[in-house]
Amino acid sequence: MPALVPELVNAAIDASVSPGDLLRRALVVARRLAVPELVDWISSELNGYYSGEVPDYRRVQGQLMAENPIHGPIPFFAPPDMAELLSDFEVRQSVPELMQLAQSTTGIYSHFPANIEHTLMQMMREANGVTMRPALRFSTVQVQGVIEKVRSRVLEWALDLEAKGVLGEGMTFTQQEKQTVQQQHYHFGDVSGSQIQIGSNSSNQTQTQTGGDMAALSALIELLRDAIQQGRIEAEVRDELQAELATLQAQAASPKPKWAIIKATAGSIKAVLENAAGGVLAAQALPYLMALL
């Protein structure tokens with residue numbers, strides 16, 4: 001009877017094996033080895049990411065578009081910092097769904113959450129008097145790239161098991177093979193520059209905020225500071241926003257910013273701006289706030 005892991009290696013390099021079938025084979029291996037972090041990752045790839053963060057390879061850059069009722073989708077131009085934040089997209093669909101999307105011949109579109117969509121449409125109306133629904137456009141190449149990253153990570157994991165002598169002869173694993181694997185830490189979440197990160201259970205893992213979050217924080221601070229200095233904020237909320245701005249500035253200057261405080265402050269600023277009269281500043285700040293929340 002064939003061994004589980006060598007079969008998984010062969011399936012990962014066989015283009016005729018669909019990514020969905022490959023993941024289901026990997027799930028069998030992960031469950032029989034009793035590795036919960038691998039089971040969770042594979043299950044998310046098979047069923048979609050409905051909560052929490054997505055792995056780094058599932059973050060892609062879309063193209064901002066506006067749905068013109070006469071000419072169809074047309075480019076939607078926003079300030080560079082805002083456009084960068086708005087176009088950063090988390091691909092949460094399951095691999096089987098992505099396989100269907102990758103067959104599109106007309107491009108792939110995604111709409112924004114209702115609050116962001118409303119703000120962007122308000123920006124259009126105030127800027128040029130017209131309102132069109134904003135969207136993000138993606139290419140099938142980007143979607144296929146996500147699928148291929150998943151296949152590569154399964155291959156890396158299977159090859160690592162094989163190198164450690166964990167084979168699964170007779171479609172099952174020995175207790176020694178299980179112990180060998182359970183002494184490792186496999187992390188597929190936010191690895192940059194490599195397909196897989198493997199370490200012992202005693203190693204320390206630290207989670208850091210991304211450069212995009214720091215960029216959003218800096219941009220929000222600059223936007224609020226300029227608005228206050230130029231008198232573009234109503235008197236009744238100016239003092240409140242100045243206090244919130246001081247909190248953000250203190251955290252930005254800290255060598256170890258407390259992101260829980262930054263998130264809470266961003267939520268407070270969002271509420272203040274949404275309740276204030278006039279939506280221009282709220283529209284400008286919203287992409288930065290959403291990146292921090």
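The values are calculated or read from the model by the stated rules, or taken from the named source; none is laboratory data. These figures come from a predicted structure and were not determined experimentally. A quick note on method: Cβ atoms are made from the backbone with ideal geometry, for glycine too, and the neighbour counts reach across all protein chains shown. Heads up: the accessible areas ignore ligands, DNA and RNA and are worked out on the full protein's heavy atoms, side chains in. Shrake-Rupley method; radii C 1.70, N 1.55, O 1.52, S 1.80 Å.
Based only on Cα atoms, what mean projected area does the convex hull of segment 67-176 have, in nm²?
For the Cα atoms of segment 67-176, the hull's average projected area reads 11.1 nm².
Taking +1 at the Cβ of each Lys and Arg and -1 at the Cβ of each Asp and Glu, which of Ala11, Ser254, Gln230 sits farthest along the dipole of the chain towards its positive end, judged by Cα position relative to the Cα centre?
Ala11
How would you order 97-107, 261-271 from highest to lowest mean count of nearby Cβ atoms within 10 Å?
Ranking the peptides 97-107, 261-271 by packing returns 261-271, 97-107.
Suppose every Lys and Arg Cβ carries +1 and every Asp and Glu Cβ carries -1, with no other charges. What dipole size does the chain come out with about its Cα centre, to the nearest 20 debye?
Value, rounded to 20: 260 debye.
If you place +1 on the Cβ of every Lys and Arg, -1 on the Cβ of every Asp and Glu, and leave all else neutral, what size is the dipole of segment 26-66 about its Cα centre, to the nearest 20 Debye?
Here segment 26-66 has a charge dipole of around 120 debye.
Remind me, relative contact order of segment 28-112 in percent, using alpha carbon pairs under 8 angstrom and six or more residues apart?
31 percent
For the chain, take the convex hull of the Cα atoms, compute a quarter of its surface area, and give me that in nm², please.
Result: a mean projected hull area of 18.1 nm².
Pop out the carbon and sulfur fraction of the accessible area of the chain as a percent, whole number, probe 1.4 Å.
Carbon plus sulfur share of accessible area: 52 percent.
Can you pull the accessible area of Asp81 for me, 1.4 Å probe, Å² to the nearest 10?
90 Å²
Mean Kyte-Doolittle hydropathy of -1.0 or higher plus an axial Cα length of 15 Å or more: which whole DSSP H helices in the chain meet both?
19-33, 36-47, 114-128, 140-163, 211-229, 235-253, 259-275, 280-292
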